[in-house]
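A.B. asks: Dropping a structure here in structure tokens format, bear with me for questions.
The values are calculated or read from the model by the stated rules, or taken from the named source; none is laboratory data. Since the model is a prediction, treat every value here as computed from it, not as a measurement. Positions of Cβ are generated from backbone atoms using ideal geometry, with glycine treated the same way; all protein chains shown enter the neighbour counts. Ligands, DNA and RNA are stripped out before the accessible areas are found, and what is left, the full protein with its side chains, is counted by its heavy atoms. Shrake-Rupley method; radii C 1.70, N 1.55, O 1.52, S 1.80 Å.
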Amino acid sequence: QVQLVESGGGLVQAGGSLRLSCAASGSIFSSNTMGWYRQAPVKARELVAVITSGGSANYADSVKGRFTISRDNGKNTVYLQMNGLKPEDTAVYYCTLDQPLKTYWGQGTQVTVSS
């Protein structure tokens, strides 16, 4: 079994920054992909950024140049540095761990950006 524990959400003014963290524990494969999705009210859940255990990252077009995903494989932890936040970034952010046979989701952390 795998558990994902997120932290770092909160309320910030437009233009500000936040850093999300997600620590995975349990049966972690050495080869996996970790990432972040988000879901705003009345909108579908969407990919924000993902990163492989080898360090290859992909971003949604809407966050390129503002958000940076990174990971510490020794700690099974993924980070999302969010700069230049906009009100449209307001959402619940979910951490994911994708490994053979199953994808795991965190409980979500709220990010609210005020204008």
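A.B. asks: Please identify the pairs in which a residue from segment 52-66 that is farther than 15 Å from Glu88 by Cβ has its Cβ atom under 7 Å from the Cβ atom of a residue that is open to solvent by 60 Å² or more (accessible area, probe 1.4 Å) and assigned to a loop (DSSP other than H, G, I, E, B), counting only partners at least 6 apart or on another chain.
C.D. replies: Ser53/Ser30; Ser53/Ser31
A.B. asks: Looking at Asn76, Asn83, can you tell me which residue is at positive phi and under 14 Å from the mean Cα position of the chain (by Cα)? Outline the logic, then answer.
C.D. replies: Details: Asn83 fails: at positive phi.
Matching residue, one of Asn76, Asn83: Asn76.
A.B. asks: Something else now. Mind listing just one residue for me: the one in segment 61-100 that is touching a strand residue (DSSP E or B) at 6+ places or on another chain (Cβ under 9 Å) and in a helix (DSSP H, G or I) and, of those, least open to solvent (accessible area, probe 1.4 Å)?
C.D. replies: Asp89
A.B. asks: Among the listed residues Ala24, Ala40, Ala49, which satisfies the condition of being at pLDDT 95 or above, touching an Asp or Glu at 6+ places or on another chain (Cβ under 9 Å) and of a type in the set (A, V, I, L, M, F, W, C)? Even if it seems obvious, please write down each step before you answer.
C.D. replies: Numbers: Ala24 fails: touching an Asp or Glu at 6+ places or on another chain (Cβ under 9 Å); Ala49 fails: touching an Asp or Glu at 6+ places or on another chain (Cβ under 9 Å).
One residue alone meets the criteria, Ala40.
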